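The values are calculated or read from the model by the stated rules, or taken from the named source; none is laboratory data. Treat the numbers as computed from the prediction; the structure is a model and nothing was measured. Neighbour counts are summed over all protein chains in view; Cβ atoms, including those assigned to glycine, are modelled from backbone coordinates with ideal geometry.
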Amino acid sequence: MCRCAVEDYIQAVKELTCELLEILALGLSLPDTNVISRLIQDVDSDSCFRVNHYPGVKPESNQPKPDQRIGFGEHSDPQIFTILRSNDVPGLQISTVDGLWIPVTTEPTDFCVFVGDVLEVLTNGRFKSVRHRVMANKSNRSRMSMMYFAAPSLNEWISPIPQLISPGNLRLYKSFTWNEYKKAAYSLRLGDQRIDHFKCQSTL
Ligand SMILES: O=C(O)CCC(=O)C(=O)O
Ligand SMILES: [Fe+2]
């Protein structure tokens, strides 16, 4: 992939993210539909792009059975939104609230969208960040995935959007900067419920 193609992809996926976030704000009846997308359009946005490679498993390999091998451990993405694309090699799974793992089958033309922890906080829990993991693939083909993680700027304050707080929907999360959340997230284990550390005392 040449640098230019990557830059074009990031720009296109950033625009897609902003459009989705504006539709989401509309769906929540927020008076300002750019209230979330603005965080990503910020010139200092901490959004990033990553490519993952999970090597195929050789049939004669004496490694644990692919079914039991974790390629990327269970976690939720700390950012606002993740836009993922991968080749057609399976492995990605998402967890239901009951802890059941559901395989996500992706085609190279599909976009998979994950709600991240910051979006859960901004929407005061109306949208839940999704726990996901990648199992080692069962074929001898490699899995390739690419993720765009949409994030605010490091010094942006994150707190539940006031219109989403009411006597019937009490405030669930404290205010923090994205930098504070990132530091906390990376000091905890990948699988920890990192968002729980930012819940208001009254909701614990
Ligand atoms: O590689 C994948 O399919 C998902 C990776 C992932 O969840 C992540 O990088 O946060
Ligand atoms: Fe992830």
Check: Taking the stretch 76-90 on its own, how many of its residues are more than 11 Å from ligand 2 (Cβ to nearest atom), surrounded by fewer than 24 Cβ atoms within 10 Å (Cβ to Cβ) and part of a loop (DSSP other than H, G, I, E, B)?
Finding: 4
Check: Within the stretch 1-37, can you find the residues that are within 16 Å of residue 122 (Cα to Cα), assigned to a helix (DSSP H, G or I) and not charged (D, E, K, R)?
Finding: 17, 18, 20, 21, 23, 24, 25, 26, 27, 37
Checklist line | Options 159, 187; residue that is farther than 14 Å from residue 77 by Cβ, of a type in the set (Ser, Thr, Tyr) and touching a residue at least 24 places away in the same chain (Cβ under 8 Å) | finding: 159
Check: Tell me, which residue of the stretch 186-195 that is in a helix (DSSP H, G or I) and either at pLDDT below 90 or among the polar types (S, T, N, Q) (or both) is nearest to residue 170 (Cα to Cα)?
Finding: 194
Checklist line | Neighbours by Cβ (under 6 Å, 6+ apart or cross-chain): first from the stretch 110-133, over 19 Å from residue 48 (Cα atoms) and within 14 Å of ligand 1 (Cβ to nearest atom); second part of a loop (DSSP other than H, G, I, E, B) and of a type outside the set (A, V, I, L, M, F, W, C) | finding: 131/76
Checklist line | residue 175 being free of Cβ contacts under 8 Å to residues at least 12 places away in the same chain, closer than 19 Å to residue 202 by Cβ, of a type outside the set (Asp, Glu) and more than 16 Å from ligand 1 (Cβ to nearest atom) | finding: no
Margin query: Among (1) at pLDDT 95 or above; (2) within 23 Å of residue 132 (Cβ to Cβ), there is one condition residue 73 misses while meeting the rest; what is its number?
Written below: (1)
Next item on the list: Scan the stretch 91-109 residue by residue and report those that are assigned to a loop (DSSP other than H, G, I, E, B), among the hydroxyl-bearing types (Ser, Thr, Tyr) and within 16 Å of ligand 1 (Cβ to nearest atom).
Entry: 105, 106, 109
Check: Of the conditions (1) more than 14 Å from ligand 2 (Cβ to nearest atom); (2) touching a residue at least 24 places away in the same chain (Cβ under 8 Å), residue 103 fails just one. Which one is it?
Finding: (2)
Item checked: Residue among 164, 170, 154 that is under 26 Å from residue 73 (Cβ atoms) and of a type in the set (A, V, I, L, M) -> 154
Margin query: Step by step: first the residues of the stretch 44-60, then only those that are surrounded by 12 or more Cβ atoms within 10 Å (Cβ to Cβ) and away from ligand 1 (no atom under 13 Å from the Cβ), then the one that is modelled with the lowest pLDDT. Which residue is that?
Written below: 57
